[in-house]
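This report concerns only the one structure given below.
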Amino acid sequence: MSADVASRRIADQLRERILDGRLPPGSRIIQDELADELHTSRLPVREALRILEAKGLVILRANQGAWVTRMDMRECELNYQIRERLEPLLLAESAPRLSPEDINELSRLQDRIEQTDDVEEFLVLDRELHWATYRHHKAEELASIVARLWDTTQHYRRAFTRLTGTHRRWIISAEHRLLIEALRDQDFTSAQHVLELHIRRTRVELSKHPEVFDIKAE
């Protein structure tokens, strides 16, 4: 296995640990320990951390080490404001090419979202649904920016979802259904508006829960 392939494999493993909560914000990543665990040298680990730093998931400090990126409320709010503006553009790039089969898949995903009470399953399905609406885009740079914003806010989305429980889930489902129906009707302007409001509502709700950002570094 080449060093480049090894670095990307390690980066993918670390990204998964960060996104699924095994490495929460503020966690220190010790390169020697990680290299021992993965039975590799420090070089691919160091390169993997640089890959994740470029994606906004890790902070590297010279002669100190690496930590999982953490945000305060203001930083998270800015990320969501950027999403409000950019994701409707990404949707517009993809929506005209969504097929009836794509729309039916969205409906099936939403059925599964409404049937689960598990936070982790909900997060996976919610992400899958939104990115299924973007699947036919031809705007790689825009999609990369949006993907970074999704990844860097994942922990706070999880904490917020656990905090609010299932009693607010009906609002998310209603917004998803409105989005799907607008796409089915090929009313792409309405679909963009629904998506913008969907993201904005989460931002506003998050702002009411500063405790989500009260994370102690490890």
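Derivation of every value follows stated rules applied to the coordinates shown; laboratory data play no part. Quantities reported herein were computed from a predicted structural model and do not represent experimental measurements. Glycine gets a Cβ as well: all are built from the backbone with ideal geometry, and neighbour counts include every protein chain shown.
List of remarks:
- Among Arg15, Arg203, Arg162: highest mean-square fluctuation, GNM of the chain, C-alpha pairs under 10 Å: Arg162
- Karplus 3J(HN,Hα) series, Hz, for the stretch 68-84 with 6.51 cos²θ - 1.76 cosθ + 1.60 (x for Gly, Pro): 5, 4, 10, 10, 8, 4, 5, 5, 5, 4, 4, 4, 5, 5, 5, 4, 4
- Hull volume in cubic angstrom per residue (convex hull over the Cα atoms of the stretch 53-176): 120 Å³
- Isotropic mean projected area of the C-alpha convex hull, the stretch 3-68 (nm²): 4.0 nm²
- Selected from Thr152, Thr133, Thr164 as most flexible by GNM, with the chain as the system and alpha-carbon contacts under 10 Å: Thr164
- Degrees between helix 3-19 axis and first principal axis of the chain (Cα, 0 to 90, nearest 10): 60 degrees
- The phi torsions of the stretch 100-115, fed into the Karplus equation with coefficients 6.51, -1.76 and 1.60 and a -60° offset, translate into couplings of x, 5, 4, 5, 5, 5, 4, 5, 5, 4, 5, 4, 5, 4, 6, 8 Hz, rounded to whole numbers, with Gly and Pro shown as x.
- The stretch 144-166 and the stretch 87-127 have Cα centres lying 16 Å from one another.
- At the listed q of 0.07 Å⁻¹, the Debye profile of the chain, built from one uniform point per Cα, gives log10 I(q)/I(0) equal to -0.24.
- If you run the Gaussian network model on the chain, springs between alpha carbon atoms under 10 Å, then out of Glu101, Glu84, Glu196 the most flexible one is Glu101.
- Pair-distance distribution P(r) for the stretch 115-199, from all Cα-Cα distances in 10 Å bins starting at 0: 14, 47, 33, 5 percent.
- About the Cα centre, charge dipole magnitude for the chain (Lys/Arg +1, Asp/Glu -1 at Cβ), debye: 520 debye
- Structure-based [θ]222 nm, the chain - -39500 (n - 2.57) summed over DSSP H runs of at least 4, per residue, nearest 500: -22500 deg cm²/dmol
- Fraction in percent of alpha-carbon pairs per bin - 10 Å, the stretch 170-218: 24, 37, 21, 13, 4
- Nearest-0.05 FRET efficiency for Lys208 and Arg97, computed from C-beta distance (R0 41 Å): 0.65
- Over the chain, relative contact order from alpha-carbon pairs under 8 Å, at least 6 apart, %: 26 percent
- Taking 12 Å as the cut-off, the amide N atoms of the stretch 70-92 that come nearer than this to a point 7 Å along the Cα-to-beta-carbon line of Leu142 belong to 85-92.
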